[in-house]
Each structure stands twice: as structure tokens, then as C-alpha cells.
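In what follows, a single structure is set out as C-alpha cells and then discussed.
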Amino acid sequence: DGGITQSPKYLFRKEGQNVTLSCEQNLNHDAMYWYRQDPGQGLRLIYYSQIVNDFQKGDIAEGYSVSREKKESFPLTVTSAQKNPTAFYLCASSKWEGFTEAFFGQGTRLTVV
Amino acid sequence: GQQLNQSPQSMFIQEGEDVSMNCTSSSIFNTWLWYKQDPGEGPVLLIALYKAGELTSNGRLTAQFGITRKDSFLNISASIPSDVGIYFCAGQRGAQKLVFGQGTRLTINP
């Protein structure tokens, strides 16, 4: 079945450490996105990518980094520079940037301990 | 970044009741989407609206694209326990990124 897969489901990180969240899709979508979700808030865009080897900052990119070496993969690294990293992270993809029906993964809950 | 104003923020209803929620913006959007998120999961697309005035149904769900293009509405008829979750609206304007509302948390008492 086609879909978008995030791993791991739960992730614990010590303060000062970098951690990478995985996102893979087999939908042949060009565009991929990373969102952050905090309790009681909507989804905030961290980074997005329209094509391989290209990506743009979203609304809250500080403390995060991404790469897009393959069409299917868009990993997100939460760096030690992110002051409040504990959150629920969602990856999404759509056929192309601007095509609005985005499909989401199941999310990764990151907790800093 | 811009966010949509979604209301109500939370709803507590009895099973079988109808539900209404809405989303408003100060800006015009070309597309409105409604998603549902179950606890600990990613949002799932329920309905997509592409034309002002459009009324679209998906089972017990009905959504409308406001005539002014600045709002959208979602109705759920005869609610059941599996309707529990957070409902998000999202809008898009031109080639810009999706903008999401803060969500409406629906709780149903059996």
C-alpha cells in the first residue's frame, strides 16, 4: 500500500543532543513537509521541499535542519539549538508543491529528558 | 505565520447530536480542506473544497466553502463515538503553503 511512514513513533533525547526523525513516502509525491504540533495549537510549518536537493524554511525553522537527497525521503534533524524541542512532529507529502491534498504520516513524539 | 481562526476550540456533546464548526480568515483562500486527527496519529483528509459556495459531503460529514472565500464550515450529523478527535481546517491561497487552524477538539459522551 502507498503511504507515508515516520519513524520512530516515540523518541527520547537528552538535552544538548541532535536527533534525526525519519520520513519516507512511496506515493511518488514531489513535495514533502515537516510540521510541529504543540498541545492546543495548530500545525506549524518547519521546512518543506518541492524537489530533490532543494528545500525552504517554513515559519519555525530555527534549530532544525533537513535534507532531500532522494524523492522518497525527507529526514528532519532537531539540533541542540532548538530551545524547546519536545513536541509532536508530523511529516506530510503532496503531489507537487501547491497541490493541496497533503497526506500525513503517523507522527513522531519527541521528548527531551 | 498566518493562522486561521477555528471555532469552537472544543466541544462536548452527546452521542447522536449534530456538530458544527467553522473556520474564518481575514484573507481569501482558493482551497479549503478539513482534516481529522485521532489521538497520537497524523491528520487524515476528510473533505477538500475548491470552489466558492461549494457544498461537499462525505458520509455524515458535510463541508462548505464560504461565498466570501474567507470561511468554511464543517457539519457532522448524528455523531458517534468514533467521531472523537481533533478537527483541523486548512486553507491555501495561490501557490502558498497550507495554513492550518488551531483545531476543534470533539468529545462525545455516550
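The values are calculated or read from the model by the stated rules, or taken from the named source; none is laboratory data. This structure is a prediction, so every number in the text was calculated from the model and none was measured. All Cβ positions, glycine included, derive from the backbone under ideal geometry; neighbour counts span all protein chains shown. What goes into the accessible areas is simple: the full protein's heavy atoms, side chains included, and nothing from ligands, DNA or RNA. Shrake-Rupley method; radii C 1.70, N 1.55, O 1.52, S 1.80 Å.
Per-structure values
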item	result
Those lysines that a straight Cα-Cα span of less than 28 Å connects to A:LYS71, excepting residues fewer than 8 apart in one chain	A:LYS9, A:LYS57, A:LYS95, B:LYS36, B:LYS97
Relative contact order (%) - criterion: Cα under 8 Å, at least six apart; region: chain B	38
Buried solvent-accessible surface, both chains (B, A), 1.4 Å probe, Å² to nearest 100	1700
Residues of the stretch A:1-88: accessible area per residue with a 1.4 Å probe, Å²	52
Value of relative contact order over chain A, rounded to a whole percent, pairs C-alpha under 8 Å and six or more apart	35
Radius ratio Rg over Rh of chain B, counting only Cα atoms, Kirkwood formula for Rh	0.96
Ellipsoid semi-axes in whole angstrom, largest first, where each is sqrt(5λ) of the Cα gyration tensor of chain A	22, 14, 13
A:TRP96 - accessible surface, heavy atoms, 1.4 Å probe, Å² rounded to 10	130
Efficiency of FRET from Cβ geometry, A:ARG109 and B:ILE67, R₀ 45 Å, rounded to 0.05	0.65
Number of partner chain Cβ atoms within 10 Å, mean per residue of A:47-59	1
Solvent-accessible surface ranking, highest first, for A:LEU27, B:LEU33 at 1.4 angstrom	A:LEU27, B:LEU33
Accessible-area composition of the stretch A:1-44, carbon plus sulfur, in percent [1.4 Å probe]	45
Probe 1.4 Å, accessible area per residue of the stretch B:1-100, Å²	45
Carbon + sulfur, % of accessible area of the stretch B:51-110 - ligands and nucleic acids excluded, 1.4 Å	56
For B:SER7, net neighbour charge (Lys/Arg +1, Asp/Glu -1) across residues whose Cβ lies under 15 Å away	+1
